[in-house]
Amino acid sequence: MAKGTEQENTPKKSSKVMPIILGLLLIAGLGFGIKEYIYYSKHEDTDDAQIDGDISPVVARVGGYVDTIMFEENQHVTQGQLLVKLDDRDYKVKLEQALSTQKLAGASVGVSESQIYATEANSATAKANVENAQIKLAQAQRDYDRYANLVKDGSVTKQAFEQAQVTRDAAQAALHAAQEQYKAAQEQVTGTKNQLNVTNSGVTQKQGDIDFAKLQLSYTNIVAPSSGIASKKNVQIGQLVQAGQTLFSVVDDNSLFITANFKETQMDHLRSGEKVDIVVDAFPDTKIEGTVYNFAPATGAKFSLLPPDNATGNFVKVVQRVPVKIKINAPKEIMDKLRPGMSVAVSVIYKD
């Protein structure tokens with residue numbers, strides 16, 4: 001009889017346990033759903049995101065043989081630090097040649113200035129000769145006029161009158177010659193001044209050659225364009241590098257940010273300045289915060305090498321993604337761990 005009683009009580013207990021389990025599961029599911037609803041009503045999430053930063057390729061601006069390398073792969077460098085030095089002997093010789101050429105041009109300027117002084121002195125003399133000739137002509141003209149009146153009444157001989165006429169004509173010819181000499185002297189002064197201007201232009205050009213030679217010489221010292229980690233070193237001592245050749249790259253310390261690719265259906269709630277929770281895959285336990293900074297002017301597909309053309313007739317609607325730039329607000333010890341290319345998950349906390 002006891003065994004029969006136990007068999008009758010077992011189904012009753014099972015029938016009571018199942019509703020309790022189902023009820024607990026329903027409550028847990030309801031609680032989870034409410035929690036998710038509350039969360040996603042204030043958050044926009046995506047794991048299609050990564051850390052970006054400014055990577056500056058350092059390019060040789062002049063050619064030459066590598067003389068010295070002053071850094072190692074993945075070494076931290078500061079802006080303006082000398083990292084690579086090229087053999088600069090050829091460029092020093094070119095600078096010396098430019099300086100010598102300018103010195104010769106400067107001597108030519110001195111000669112031209114001396115010529116200007118000489119031609120101006122000649123012009124002044126020629127001007128004085130003109131004034132002297134004008135005085136003599138005026139005197140000869142007065143003598144001619146006086147003799148012309150006296151010859152009529154026989155007070156002077158005709159020979160004396162003719163002599164006065166010859167003197168006047170000679171004075172006129174002397175004045176004309178003096179005027180031509182003065183004109184030629186003025187033109188010579190003008191020509192000499194023009195020559196001086198040309199010589200000065202040559203000196204200016206030679207100064208430009210000097211500045212260019214100095215600039216080329218300075219390019220033999222290759223410095224860090226920014227503070228950061230120098231990497232991808234592609235240069236060795238003794239190597240002949242050409243102008244335009246990439247030698248290494250520098251990842252800027254202060255340029256790290258996050259590019260998060262949100263779906264276009266998520267963009268309605270995103271605004272600049274909104275707070276962002278960031279989880280870096282490499283450091284999942286490190287709490288990092290950020291701020292929405294700005295938005296790309298087009299979707300990622302439009303910036304691709306072969307953007308889609310929906311006018312071809314093969315249209316399939318695909319949800320597009322818009323790159324969003326997020327600033328990272330983290331202390332230096334955390335920023336030093338981050339590297340461009342790391343995968344992250346972001347959650348934007350928005351307010352309606």
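Values in this text are rule-based calculations from the coordinates and carry no lab data. Note that the structure is a prediction, hence the values are computed from the model and not measured. Positions of Cβ are backbone-derived with ideal geometry, glycine not excepted, and every protein chain shown enters the neighbour counts.
Tell me, please, whether a residue that is touching a Lys or Arg at 6+ places or on another chain (Cβ under 7 Å) and under 30 Å from Y219 (Cβ atoms) can be found in the range 245-268.
There is at least one residue in the range 245-268 that is touching a Lys or Arg at 6+ places or on another chain (Cβ under 7 Å) and under 30 Å from Y219 (Cβ atoms).
Among residues belonging to the range 256-307 that are closer than 12 Å to K327 by Cα and without any contact (Cβ under 8 Å) to a residue 24 or more places away in the chain, point out the one that is surrounded by the most Cβ atoms within 10 Å (Cβ to Cβ).
Here the answer is S272.
If you go through the range 305-338, how many residues are more than 28 Å from the chain's Cα centre (by Cα) and part of a loop (DSSP other than H, G, I, E, B)?
Of the residues in that region, 17 qualify.
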